Structures are given as C-alpha cells and as structure tokens.
Amino acid sequence: MKKNRFKKAWLNEHLHDPFVKRAQKENYRSRAVYKLQEIDEIHKLLRPGQIIVDLGSAPGAWSQYLSRKLGDGEGSLRGEVIALDLLPMEPVGGVRFIQGDFREAETLAQLEAALQGRGVDVVLSDMAPNLSGIASADAARIEHLADLSLEFARKWLKDDGALLIKSFHTGYFSQIVNRFKLQFKTVKTIKPKASRDRSAEVFILGLDPKPTEVKPE
C-alpha cells in the first residue's frame, strides 16, 4: 500500500510539474533540459563551433538542446556533439551517439577514437549510478563516476574548456568538489530551478583547467 501511495504521489507531482508541461510543449524528451539551459544561460557555456561531449545522454534532452544551440537551421551543426549512454537513445539531429558503459575501457576507446585527437570545449555529464539504497555504496558509485569524468576532462579539455557534472550531496561530495578545485581555476556548485527541492542532486561546474602535462596524442 505504501508503495502504491508513493507511485500515485509521484505521478501526481509529475503531471502537474511546470517543467514537464514545458518540455512537452517545446518537444524536449525530459524536463532535465531546463537544468542545462539555466546553467548555460548564466555561465555562457555553449556556443556554435564547439566540440561537446554529452555523457549519460539518454533519453536525449540535453543532446536536443545542444543540437538546437549549435544548429544552422538547415539540419547541420556548427560544431560537433558526441553523446554516450549505457541505454539506447533515439537519434537527435546532427548528434553522434555511442551506446556503451563509460566505465568500460572499450567504450572509452570508442569515444576517444571519435574525437580523432581533437580537444573538447565542454564535457557534460548527467550520469548517475543505479542506487542500491545503501548510503556508503551509493556514495562510492557517485564518486567513481565523478572521478572518471574528471579524468576524461583532464586528458581532453581545451585550455579554456569546461566540465559540468551531476552529483549528489553525499559523504563524498566535499571531496569531489575539492578534486574539481585541484583541476580547475574556477569551481561552482549549482542547484538549478528545475532540480526538485527534495532532491539531493546538485551540479558541479569546473571552468578553465589548470595546466597539465596530459594532452591528447
């Protein structure tokens, strides 16, 4: 009974959510697009001509936003978007999609091959682990995904690049932020309006990587 009440409450909230209604009206695949849009509008992250990697892209709302942002109005992109997710994703105009697990070396190799040695302007990550309900285990999984994103950004971001990841307030959150501060000159934590108040979700933005010797081959 308790589970059924929870489902009904969630469905009621979902149906009356203004961001859900807006996403439906504007033909976006999920309300998550407005989290990225707000961050982009405030921090001026995205612009035509960039190479952008979209991690954890399914169902594709962020990729849709990127396609519209970089689109030339004739079905082509001024720039390039490479999206990746463990789950399948319906095609998004102009976006190259790789299906695979970012934690696996084979998938990472596919992504790096697609870059063809080119530096990346912006890495976006909306990845989140499957949660077990065990706080310590879930926090460790969240930390691991953050570390993988930081490692990828360290190798591939351009000197003026940016990394934006979704994270959660866990026991490891301050450690993740500190790692961002070691790697980026500017670090911000952001709670977009489209992120529900009851959610522990928070985004971490790193701007202007600090000098590193690791560069694309």
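Observations on the structure shown:
- Separation in nanometres of the label points that stand 7 Å from Cα toward Cβ, at Arg198 and Asp147: 3.3 nm
- Stretching Ile134 away from Ile42 to a fully extended chain increases their span by 29.6 nm, per 0.36 nm per residue minus the current alpha-carbon distance.
- Restraint check, Lys155/Lys193; Lys35/Lys155; Lys69/Lys158; Lys44/Lys69, Cα-Cα greater than 23 Å: Lys155/Lys193; Lys35/Lys155
- Phi angles across segment 56-68 convert, under the Karplus curve 6.51 cos²θ - 1.76 cosθ + 1.60 with θ = phi - 60°, into 3J(HN,Hα) values of x, 7, 5, x, x, 5, 5, 5, 4, 4, 5, 4, 6 Hz, Gly and Pro given as x.
- Spin-label proximity, Glu90 to segment 36-71 - amide N less than 18 Å from point 7 Å beyond Cα toward beta carbon: 57-68
- Centroid-to-centroid separation of segment 96-124 and segment 133-175 [C-alpha atoms, Å]: 17 Å
- DSSP beta bridges fully contained in the chain are about 40 percent antiparallel.
- Label point at Thr212 placed 7 Å out along Cα→Cβ; residues across segment 96-136 whose backbone nitrogen lies under 12 Å: 120, 123
- The chain, dipole about Cα centre (Lys/Arg Cβ +1, Asp/Glu Cβ -1), debye to the nearest 20: 1040 debye
- Contour excess over end-to-end distance, with Cα ends at Lys185 and Asp160 and 0.36 nm allotted per residue: 8.0 nm
- Tail weight of P(r) past 24 Å, computed on alpha-carbon pairs of segment 95-188, percent: 24 percent
- Loop-located GluC sites (Glu not before Pro) in segment 64-157 (DSSP state other than H, G, I, E, B) with a sparse environment of at most 11 neighbouring Cβ atoms within 10 Å: Glu74, Glu104.
- Relative contact order for segment 29-209, counting Cα pairs under 8 Å that sit 6 or more residues apart, in percent: 20 percent
- Over the residues of the chain, the helix contribution to mean residue ellipticity at 222 nm works out to -12500 deg cm²/dmol, using -39500 (n - 2.57) for each DSSP H run of at least 4.
- Whole-Å semi-axes of the ellipsoid equivalent to the chain (Cα gyration tensor, √5λ, descending): 27, 22, 17
Each value in this text was obtained by applying a stated rule to the coordinates, not by laboratory testing. If you're wondering where the values come from, they're calculated on a predicted model, not measured in any experiment. No Cβ is skipped: glycine too gets one built from the backbone with ideal geometry, and neighbour counts run over all protein chains shown.
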